[in-house]
Amino acid sequence: METTKRKFINFSLVESNKYLFTDSQFNIIDKIFIVIYLFLSCFETYMPSVISGSTKYIMLAVCFLLLIKDIFRRNLIIRWHIVLMVLWLALKLLSVFWGGYNDIVSLHFISQFGFVLLFVAFGLRDYSEKDKQFFVYSILLTTFLFSLLSIIFQAPYNGIYVSRRVLTLFGKQLDPNNCAAFETICFAISIYFTLFKKKYIFCIPVIVSGVACLLSGSRAGLLAVVLIFIVAVLLFPLKGKWSLLIKIFSLLVLGAIVFLLCLFILPPETFKRLFLEGYISSGGGERDNYWKLAFDMFANKPIFGHGWGTASYFGKAQSEAVHNTFLAMMAENGIVGLGLFVSYPIFCLASGIKNKNYLIILLFIAFFVPAFFIDSINKRFIWNILFVFLTLSTKNIKPIFEHNKRTYNEKVQYYRIDI
């Protein structure tokens, strides 16, 4: 008796979307959009207005690509940090009712919504090692390019601040503190690969990003770079009875060498700004006064704050930045808003210390220090670091809800049709 051979065909939806069901969370289309987004994060200021205004739409496109994959995967993993970030955005939106609608809300509504949506899209999945490497290398590449160009095409900020030299392309410039924030990310990642992965080729981006950060005249950038360097050296796995003394001696020697190099290489105005002037009263438009006003706002309404955008107007004739992301958050959304936002990065820091994930520890410094001296809640650098945290640490967080997770092979079997 002749055995009848069975033939199978795969449902065309699965076959045509095979890239959706691989072990990697990023396919080639995802990677293209992510790299474009990271590139525009650094360079959108220098792009023509038609292109620079498209960054938020690129962000939404990345959200769509990542979320649509979850629909096809029928895979939904919700963790507590996703819930907290959504609640944080909900609180900001609700605070408009008691704080009033203002220019800050209208200016940043779409970008704020897009950042949180992208945070959710990145946070709904676990990532393979290749995914982690791709995202870390991508953000390193874009920030290194920004740092390198900041040295080659440097010019005084606004044409008059000779102590602050930033990347100048087509007559356009970015605020020095924002420039330094991107360069700090490059410094943190490259020094991690240099010291802990022993990939000494990354000494090049360490030097380039460090020099670019110093040229910007950003004291927040200088503080971040110094702290990253000190923490990296102290965490370096050196064994022996005198290891701590060797590390401290190395820090002192290297610090003295770098200081002397800065004295001879940096423009005199930049050196004076970085090393001789005060860090609060002399810069940031009377930063200490703005901090006091923001804290007074918080003390007046400590639970839910005065409402989104109100910190920029309180006690001022016109809109002015608070120059401290966390104080502004406390003033506008109270201790509840601050707690909802900072819970995840603090968890990542604790997890990085526990699991000896030194990259997370160094990036936390790049996250915290610039944010402490500028208003960065709408800046791409702070959210890009959070996205890196999501790719590196998500597996360490137990899901609170998980729905119908399938592998690619299970999906092919599910859509298989007998003929």
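The values are calculated or read from the model by the stated rules, or taken from the named source; none is laboratory data. As the structure is a prediction and not an experimental result, all values here were calculated from the model. Using ideal geometry, Cβ is built from the backbone for each residue, glycine included, and neighbour counts are taken over all protein chains shown. Only protein heavy atoms, including side chains, enter the accessible area calculation; ligands, DNA and RNA are left aside. Shrake-Rupley method; radii C 1.70, N 1.55, O 1.52, S 1.80 Å.
At a glance:
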{"item": "Volume per residue of the C-alpha convex hull in region 336-395, rounded to whole Å³", "result": "78 Å³"}
{"item": "Protection proxy ranking, peptides 371-380, 108-117, average beta carbon neighbours within 10 Å, highest first", "result": "371-380, 108-117"}
{"item": "Filter on Lys92/Lys398; Lys92/Lys379; Lys247/Lys354 - keep pairs with C-alpha separation over 19 Å", "result": "Lys92/Lys398; Lys247/Lys354"}
{"item": "Share of carbon and sulfur in the accessible heavy-atom surface of region 92-196 [1.4 Å probe, %]", "result": "68 percent"}
{"item": "Relative packing of 347-359, 257-269, which averages over residues the other C-beta atoms within 10 Å, highest first", "result": "347-359, 257-269"}
{"item": "Peptide ranges 151-163, 186-198 listed from the most packed, as the mean C-beta count within 10 angstrom indicates", "result": "186-198, 151-163"}
{"item": "Solvent-accessible ranking of Arg165, Arg273, largest area first, probe 1.4 Å", "result": "Arg165, Arg273"}
{"item": "Sulfur and carbon atoms: percent of accessible area, region 316-384 [1.4 Å]", "result": "66 percent"}
